[in-house]
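Before any comments, here is the structure.
Every number here is computed from the coordinates shown, using simple stated rules; none is lab data. All values reported here derive from a predicted model rather than from experimental measurement. FYI the Cβ positions are ideal-geometry reconstructions off the backbone, even for glycines, and counts take in every protein chain you see.
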Amino acid sequence: MKDYKPTTPSRRQAKGYDFSNLTKGVAPLKSLTGGRHRKVGRNNQGRVTSMHRGGGVKRLYRWIDFKQDKFDVPAKVATIEYDPNRTARIALLSYRDGEKRYILAPSDLKVGDTVLTAEKTPVRPGNRMKLSNIPQGTLVHNVELRPGQGGLIVRSAGTGAMVLAHDGALTQLQLPSSEMRLVLGECYASIGQLSNAEHLTISLGKAGRARWLGRRPKVRGTAKNPVDHPYGGGEGRQGRGTRRPKTMHGKVTGGHKTRNPKKKSAKFIVRRRIK
């Protein structure tokens, strides 16, 4: 963690990242970067479905290899780099045949280490293999949900899923949310806990820093007009006026379960997350 000199009120409480463990003086590899259209909270019809998003600084997107489907070819870690598009750090791999790819960097991965993807590999940070071959009690990240699909879950900074047990063709995982879930043993996962675990302790310090990240201001419902929110209006400070909390669209929220109980993947959830 990095503390700043209290030159202003916002600097006094701000906390930033410590970049000392990153490779110095390295620009992102041009062949693995490009532009990417940001949805800024809109769906495929262009309507806002996630509020308070938009703006922010322009970012160069790094193409991450979530599949890591280059089997039995050792790769050396060339650099550990910062990625503005995600919370974890990324590592540039240089394969023996000359190809280069970016992957998510686990916390104990260092420049010069060797990374391998195979059906069964040594249990070292960064190596990737089938869940059925990973010993119980091992932390994994970038986990597939279908074989060959590429990692979909456990991709945020400091996260790791624990392998609890193997039951026939299925492997039981405890996810960072405390949910216990069954995943096919044929799916691949990477060894180790992801880097930048101190991300949760970052304090932005000022509103402008949130705007750089594309986070727009959030206005309380009770401060709005009646036309804009069910809690709006009234002279002076008002109570909510309803026993059941509602969204700005009038739909009941607050403890309401949103997951479809008939979803096909529900049979793979052993225990829901603890709220």
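General observations
- Considering only alpha-carbon pairs that sit under 8 angstrom and 6 or more positions apart, the relative contact order computed for the range 82-204 is 28 percent.
- The distance linking the range 74-127 with the range 4-64 is 21 Å (Cα centroid to Cα centroid, whole angstrom).
- The chain, helix-only ellipticity at 222 nm - DSSP H runs n ≥ 4, -39,500 (n - 2.57), divided by all residues, nearest 500: -1000 deg cm²/dmol
- Whether the range 139-200 is rounded, prolate or oblate, judged on the alpha carbon gyration tensor where a/c under 1.5 counts as rounded: prolate
- Global geometry of the range 105-166, whether rounded, prolate or oblate, following the gyration tensor of its Cα atoms and the 1.5 cut on a/c: rounded
- For the peptides 18-24, 139-145, 77-83, 195-201, the ranking by mean Cβ contacts within 10 Å, running from highest to lowest, is 139-145, 77-83, 195-201, 18-24.
- Mean Cα-pair separation over length for the range 18-152, i.e. relative contact order, pairs under 8 Å, 6 or more apart, %: 19
- Using C-alpha pairs below 8 Å separated by at least 6 residues, the relative contact order for the chain is 17 percent.
- Charge dipole (the range 36-154, unit charges on Cβ, about Cα centre) - positive-most of G98, V143, V111: V143
- In sequence order, the range 23-32 has phi-based couplings of 6, 7, x, 10, 8, x, 5, 5, 6, 10 Hz under the Karplus curve 6.51 cos²θ - 1.76 cosθ + 1.60, θ = phi - 60°, and Gly or Pro positions carry x.
- Pairs of Cα atoms farther than 25 Å apart, the range 84-213, %: 28
- Cross-link partners of K30 among lysines (Cα-Cα below 30 Å; sequence separation of 8 or more within a chain): K2, K39, K58, K67, K70, K76, K100, K110
- Classified by the C-alpha gyration tensor, the range 179-246 has an oblate form. Its axis ratio a/c, with a ≥ b ≥ c, is 1.5 or above, and a/b does not exceed b/c.
- Each Lys and Arg contributes +1 and each Asp and Glu -1, all at the Cβ; summed about the Cα centre of the chain, the dipole is approximately 1780 debye.
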